[in-house]
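The block underneath contains the structure these notes are about, expressed in structure tokens.
The values are calculated or read from the model by the stated rules, or taken from the named source; none is laboratory data. Remember, predicted model here, so these are calculated numbers, not experimental data. Glycine also receives a Cβ, built like all others from the backbone with ideal geometry; neighbour counts cover every protein chain displayed.
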Amino acid sequence: MLAGVSPNDVYVDTNVFVNALIAGMDQSEICFEAYEYLVVSDCNVYISHLTRLEFLEAIRALAHKQSLPDSFREEFALSDWESFMVRQRWLQFWVAKFDELLNTFYRVYELPYRQRIWHQAPQVMALYTLRAYDAFHVATATSYGIPELWTTDADLSRNPGGIYVRLLR
């Protein structure tokens, strides 16, 4: 799927990281392949400050989804979610995994929030009928001049903001 790909700069949507880290999800294979490609390609990988927040929220929500492989439910005793220790272990485990993943890239840049992104995001939401997080990612990538965004989110495949969107499927 990624044959012939040779970008220098890639903005990576949060869902790519979630799927790359958790084997057995619908898009895990292609996202892990994309992750491996980014590691060996020496290209510049970009995320925003929002990525960490969105990752944490996705991991929290995933603990309750049927799509989560049973092996994770059992290993982390997620049926006892009301327990502080269960929640803390689950969330801290994935925060550490996310940090480890980011550290494997040759160059990764966490782009700071800017006022113009705040003003651009509603425009992107209105133009492309996107959710706030997605619009924020597009606005961040375009604001910093990053030409390519990788995602599993089909809503972003409408080429928002004039950037190239590689839909990982």
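Looking at Val10, Val39, Val86 in this structure, which one is farther than 19 Å from Val138 by Cβ, in contact with an Asp or Glu (Cβ under 6 Å, 6 or more places away or on another chain) and surrounded by 14 or more Cβ atoms within 10 Å (Cβ to Cβ)? Unique residue meeting the criteria: Val86.
Out of His64, His49, one residue alone is within 15 Å of Val108 (Cβ to Cβ) and at pLDDT below 95. It is His49.
Let's see how each residue does on (1) modelled with pLDDT of 95 or more; (2) in contact with a Ser or Thr (Cβ under 9 Å, 6 or more places away or on another chain); (3) closer than 15 Å to Phe55 by Cβ; (4) not polar (S, T, N, Q):
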| residue | (1), (2), (3), (4) |
| --- | --- |
| Gln92 | yes, no, yes, no |
| Lys97 | yes, no, yes, yes |
| Asn159 | no, no, no, no |
| Gly162 | no, yes, no, yes |
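Pairs meeting the criteria (first residue in region 73-87 and without any contact (Cβ under 8 Å) to a residue 24 or more places away in the chain and hydrophobic (A, V, I, L, M, F, W, C), second residue in a loop (DSSP other than H, G, I, E, B) and surrounded by 14 or more Cβ atoms within 10 Å (Cβ to Cβ), beta carbons under 6 Å, at least 6 apart or on different chains) are Leu78/Ala63. Within region 20-36, the set of residues being crowded, with 20+ Cβ neighbours inside 10 Å and within 11 Å of Trp150 (Cβ to Cβ) comprises Ala20, Cys31, Ala34, Tyr35.
Is it the case that some residue within region 94-103 is closer than 25 Å to Leu38 by Cα and in contact with a strand residue (DSSP E or B) (Cβ under 9 Å, 6 or more places away or on another chain)? There is at least one residue in region 94-103 that is closer than 25 Å to Leu38 by Cα and in contact with a strand residue (DSSP E or B) (Cβ under 9 Å, 6 or more places away or on another chain).
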